[in-house]
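Working notes, beginning with the structure itself.
Bear in mind that the values in this text are calculations on the coordinates, not laboratory data. All of these numbers come straight from a predicted model, not from anything done at the bench. Glycine also receives a Cβ, built like all others from the backbone with ideal geometry; neighbour counts cover every protein chain displayed.
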Amino acid sequence: MGIKERMSGNEAVAYAMKQINPDVMPAFPITPSTELPQFVSSYIANGEMDTEFIPVESEHSAMSAAIGAEAAGARTMTATSSAGLALMWEMLYVAASNRLPIALALVNRALSGPLNINCEHSDSMGARDSGWIQIYAEDNQEAYDNFIQAYRIAEHKDVMLPIMICQDGFIISHGVSNIELLEDKDVKEFVGEYNPEHYLLNAAEPVAVGPYAVSCYGMESKRAQAQAMKNAGQVILDVAAEFEKISGRKYGFFEGYHLEDAEYAIVAIGSACGTTKDAVDLLRSNGKKVGLLKVRVFRPFPGKELAEALKSCKAVAIMDRCESFSANGGPLAAELSAALYQARGSARVIKIVYGLNGRDYTVADARQVFADLEEVAADKNSNTDEYRYIGLRE
Amino acid sequence: MEHLTEIRWHGRGGQGAKTAALLLADIAFGIGKYVQGFPEYGPERMGAPITAYDRISDYEIRVHSNIYEPDFVVVVDDTLLHSVDVTAGLNTKGGVLINTEKGRDEIMPLLKGYEGAVYTINARKVCMETLGKYFPNMPMLSALARISGIMEKDVFFMEMEASLKHKFEKKPEVFAGNMKALQMAFDAVELISGPADGKKVNMSDRRVA
């Protein structure tokens, strides 16, 4: 039976951490994820968790300690945001390539400059090629649910990769709203114990972690890592199906909202999707065939599935809360455009950047995007090469 | 009929506007509502203007933007009236509640011709008489409960009592002072302009507004 509560996104993820009670958490505080190690520390102080908390001197050290702990055979987690993730950079690759299933609670925040504490996906999007699984949440409920599913995915023997569970900074992390929690015993039973196949503290099987690879072996190592990321797709779906049994809540690579017969669709990630749903309802009540595709899993990238879901659309707006400075739109737009091309998709595509440095994204903005889509679809000669900004002050 | 009430708080960092907004979400949750309570941070420092928001609804809330057309606005510090357009987008069927010692003649010119209900309360007086310290957020929350009619008076006090009892478990004297402040504030609200029946106006169903 679910427990009805009200919590911020940070409270919700911290609660999931408490229920899972991993072995080790090295962490260094940074806004807006600071509350995560803070709540966990309180839980430990109150005797509600027995996780070994390691206060470190930087995020580079946090990820290094997480790598050490996980390699030793301990279930490990950490939390960070923005510049904190940037400082972990070098070690993110080390964690992934050594196949260490660490869970990282990421509270998305802009990278400098200008110096800004608010939501943007530039931190996690910058790490998209580091080999971490990435799952995003629309609200506090999804952030909680995703974190509970994290270790089942990461620690699966066909995967063994670190996982980043992302939520929108402040908008979700500091916004209090309704949530349904699972019972402790259901979470414990679902997540299970961690029994790594190979680990440093196993005296019966001495292993090396992170050694040098000469050219004649290194490439095979990378290929195996890529295969693990491929395998993660099916595991994510299997774990979601099992999670539905204990929670009643359905998850997949993405969520379609009024997408089946949609002529115009917005594709987005995170909290913007809730706002877009309200716009979809408004426009549907006026007879407009509009829909939303909410991307939940960005790594591995479910390009085929996303393209298939958009096949009946006349025009699609792909929205990034991130400027990748490619001069060609954001990362979601680039990757999904490629997937649509591969799938011989016929929808016209506009690439949109929104919500940078915490700029608010409103129902009116979503309606504007849908209006732009209609215009683009009606005019065969309209220019859709240029990527656009929405919500920009003029 | 299903309803959504949207509230915007204007305060200065350190005055507890965010705490009050979250507490309101908390007690509205307690009576079975769907809620959102969230702050909007600018530069984080004591005294900087901050905004906080509440959505209280009979149906699931999915929108995650700030509130631009609130039903009620709470101004925790009247010095903000000179620099912030507090009634921007404010529903004329709703109202604005201002913490001030000033009278109608000084306040009204700062409200840009807002035609809805304008309420004032001297939260400093309430605080000094009940808490001995200036924490204006609890009196403002009580005054808001009075003017908005979000919940019945006795329900509000019951929920607040439960919430504060928990919060000040180890400081019974602070609990008692806060309860006194809430009661005094509830009765100290004054309507200085506009229709008196703001709290009786049913907010329209904003789901398909």
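Running a GNM on chain B with Cα contacts under 10 Å, which residue among B:A162, B:A88, B:A20 ends up with the highest mean-square fluctuation?
Between B:A162, B:A88, B:A20, it is B:A162 that shows the largest mean-square fluctuation.
Classify the stretch B:4-193 as rounded, prolate or oblate from the Cα gyration tensor: take a ≥ b ≥ c as the square roots of its eigenvalues, call it rounded if a/c is under 1.5, otherwise prolate when a/b beats b/c and oblate if not. Could the numbers behind the result be given before it?
On the way: a/c = 1.42, a/b = 1.13, b/c = 1.26.
Rounded.
Quick check on the exposure proxy: order B:D58, B:D77 from fewest to most C-beta atoms within 10 angstrom. Present the calculation step by step, with values, prior to reporting the outcome.
Working: B:D58 14, B:D77 20.
In order of increasing Cβ crowding within 10 Å: B:D58, B:D77.
Could you tell me the relative contact order of the stretch A:237-294? Use alpha-carbon pairs under 8 Å, at least six residues apart, and round to a whole percent. The partial results should precede the final answer.
Working: 71 pairs, mean separation 23.2, N = 58.
For the stretch A:237-294, the relative contact order is 40 percent.
Rounded, prolate or oblate: which fits the stretch B:108-151, taking a ≥ b ≥ c as square roots of the Cα gyration tensor eigenvalues, rounded meaning a/c under 1.5, else prolate when a/b beats b/c? Can you show the working numbers first?
Working: a/c = 3.63, a/b = 1.55, b/c = 2.34.
It is oblate, given that a/c is not under 1.5 and a/b is not larger than b/c.
Please enumerate, by chain and number, the aspartates and glutamates with C-alpha under 14 Å from the C-alpha of B:K102, excluding those fewer than 8 residues away in the same chain.
B:D77, B:D78, B:E190
Most exposed first by the Cβ proxy, i.e. fewest other Cβ within 10 Å, how do A:V159, A:V107 rank? Mind showing how you got there, number by number?
Details: A:V159 26, A:V107 33.
Fewest to most other Cβ atoms nearby, the residues stand as A:V159, A:V107.
Membrane-span-like helices in chain A: DSSP H runs reaching 27 Å or more (Cα, own axis), mean Kyte hydropathy at least -1.0?
Those that clear 27 Å and a mean of -1.0 are A:215-247.
Build a GNM of chain A with springs between Cα atoms under 10 Å: which of A:G131, A:G192, A:G169 gets the top mean-square fluctuation?
The residue that fluctuates most here is A:G192.
If amide H atoms are built 1.01 Å from N in the plane of the peptide, which residues on other chains or at least 5 residues away come under 5 Å of the amide H of B:I192?
Close amide H contacts, sequence-distant or interchain: B:V118, B:Y119, B:T120.
Taking every DSSP beta bridge that has both residues in the protein assembly as shown, what percent is antiparallel when rounded to the nearest 5? Mind showing how you got there, number by number?
Working: 32 of 81 bridges.
Restricted to the protein assembly as shown, the bridges split so that about 40 percent are antiparallel.
Hey, what did the stretch B:55-137 get for relative contact order, percent, Cα under 8 Å, at least 6 apart?
Working: 100 pairs, mean separation 21.3, N = 83.
Reported relative contact order: 26 percent.
Counting other beta carbons within 10 Å of each Cβ, put B:D105, B:D71 in order, fewest first. It would help to have the intermediate numbers written out before the result.
Numbers: B:D105 8, B:D71 26.
So the ranking, lowest neighbour count to highest, is B:D105, B:D71.
Where the only charges are on Cβ atoms (+1 Lys, Arg; -1 Asp, Glu), what is the dipole of chain A about its Cα centre, to the nearest 20 debye? Kindly include the intermediate steps, with their values, before the conclusion.
Values: 36 positive and 53 negative charges, 198 e Å.
In total the dipole reaches around 940 debye.
Picking from B:V63, B:V155, B:V174, which is most flexible by a Gaussian network model of chain B using Cα springs under 10 Å?
B:V63
In units of 2.2 N^0.38 Å, what is the alpha-carbon radius of gyration of the protein assembly as shown? Each step should come with its number before you reach the end.
Working: Rg = 25.4 Å, N = 603, 2.2 N^0.38 = 25.1 Å.
This ratio for the protein assembly as shown stands at 1.02.
Defining a contact as two alpha carbons under 8 Å apart and six or more residues distant in sequence, what relative contact order in percent does chain A show? Before the final figure, lay out the partial values.
Details: 838 pairs, mean separation 61.4, N = 394.
Reported as a whole number, the value is 16 percent.
For B:K165, give me every one of the lysines with a C-alpha distance below 24 angstrom, ignoring sequence neighbours fewer than eight places off in its own chain.
A:K4, B:K18, B:K33, B:K125, B:K133, B:K153, B:K180
Straight-line reach from A:K311: which aspartates and glutamates have Cα under 17 Å away, leaving out those fewer than 8 places along the same chain?
In chain and number order, the partners are A:E255, A:E260, A:D261, A:E263, A:E335, A:E374.
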